[in-house]
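The structure under discussion appears below in the form of structure tokens.
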Amino acid sequence: MTKVKSQPVFYVLYLLVVYLFFFLIKTPVLATESITRALRLCYTKVIPSLFPFLVLSELIVSSHIAEHFGNLFGKPLSKLFKIQKISATAFIMGCLFGFPLGTKIAVSLYENNYISKEETERLICFCSNTGPAFVIGITASVLNNTRLAVCIYVCQVISAFIIGIFLRKDSPVIIKNNTELSGFFSPSCIPNSITSSVLPMLNICSFVCFFSCISASIENMLVALNFNGYLQNLITGFLEITNGIANLQYSPLNVSTVFLAAFFVGWSGVSVILQSINITSKQSLSCKKYIVSKLFQGIICACLTLVLCKLLKIF
């Protein structure tokens, strides 16, 4: 039964691999340019906006600040989402610092026996979001409209709240953690957090580069088939948010462009979703609800953004 269900996915992956192989052979210059463009995005936008926060998230979890942070700010969120107070840390950090930190902290809490498996699988559905540094920094510069970027970020947070409320249960399973807290700080936490953040940062950049190549190959095919630019932008952003947002700079600022930008932010892209799956797979956590939730969050974020922009007359 499992084999039959997995066959469609296998055939899609098989066709993608074959197509990429011929794309790399037929148009090596275009493939090289796509990787070069992705690397430029990584060292100018992605690494500066994410790496400090990766280190910070490691510090928060390894020094047990997460537990104290949850005790301070988690009470209203725990009641709203029906989660433990410490779980609110993943949501707050995911909103403030962006993907994949929300998922990373949620899984870290599960690994350290703070929360149950069920709560972890539910938590990752609404705690992995695009951070303000990315949304405002990249989207504002691409669309040349800071108010619009702020509006998209706010609507993304609201959509995360909506998903979290929709998925809440009657009450969380309380886990008694037997780990003895060592206080707020230990000198070894800083170097350990820095080194532990290097590999995740490299993984993120690798995903950006690889999906940039995939997007370039698909765009090349769509151009040959005379498809319009909006479809190309949709596919690119659906696969990888950074390149998707960057491509919107060539489109006029209208309803379609704003909808796509907001959807990309809320959905976050297949690339980010695969990064989160890579994090959760180590603990055998299910991501089915997470994928569906991100799709709905993208749609909700896009619709809310259009409404808010209309009310504020942003464009």
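The values are calculated or read from the model by the stated rules, or taken from the named source; none is laboratory data. Values in this document were obtained by computation on a predicted structure and should not be read as measured data. We place every Cβ from the backbone using ideal geometry, glycine too, and count neighbours over all the protein chains shown. Note: accessible area is taken over every heavy atom of the protein model, side chains too, but ligands, DNA and RNA are not part of it. Shrake-Rupley method; radii C 1.70, N 1.55, O 1.52, S 1.80 Å.
Numerical summary
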| quantity | calculated |
| --- | --- |
| Subset of region 20-61 (residues that are open to solvent by 70 Å² or more (accessible area, probe 1.4 Å) and more than 30 Å from Lys104 (Cβ to Cβ)) | Phe21, Phe22, Leu24, Ile25, Lys26, Val29, Thr32, Glu33 |
| Test: Phe81 is under 13 Å from the mean Cα position of the chain (by Cα) and aromatic (Phe, Trp, Tyr) | no |
| Of all residues in region 23-42 being within 28 Å of the chain's Cα centre (by Cα) and not hydrophobic (A, V, I, L, M, F, W, C), the one that is farthest from Thr139 (Cα to Cα) | Thr32 |
| Single match in Ala90, Ala38 (criterion: within 16 Å of Asn112 (Cβ to Cβ), at pLDDT 85 or above and of a type in the set (A, V, I, L, M)) | Ala90 |
| Residue within region 177-194 that is out of contact with any Lys or Arg (no Cβ under 6 Å at 6 or more places or on another chain), under 18 Å from Gly94 (Cβ atoms) and either open to solvent by less than 70 Å² (accessible area, probe 1.4 Å) or at pLDDT 80 or above (or both) present | yes |
| Which listed residue is farther than 25 Å from Val46 by Cα, assigned to a helix (DSSP H, G or I) and touching a residue at least 12 places away in the same chain (Cβ under 8 Å), from Lys289, Lys310 | Lys289 |
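To keep it simple, each residue is scored yes or no on (1) polar (S, T, N, Q); (2) touching a Cys at 6+ places or on another chain (Cβ under 8 Å); (3) at pLDDT below 90; (4) surrounded by fewer than 23 Cβ atoms within 10 Å (Cβ to Cβ).
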site	(1), (2), (3), (4)
Val223	no, no, yes, yes
Asn226	yes, no, yes, yes
Ile235	no, no, yes, yes
Pro252	no, no, yes, yes
Asn278	yes, no, yes, yes
Cys287	no, no, yes, yes
Val292	no, no, no, yes
Leu308	no, yes, no, yes
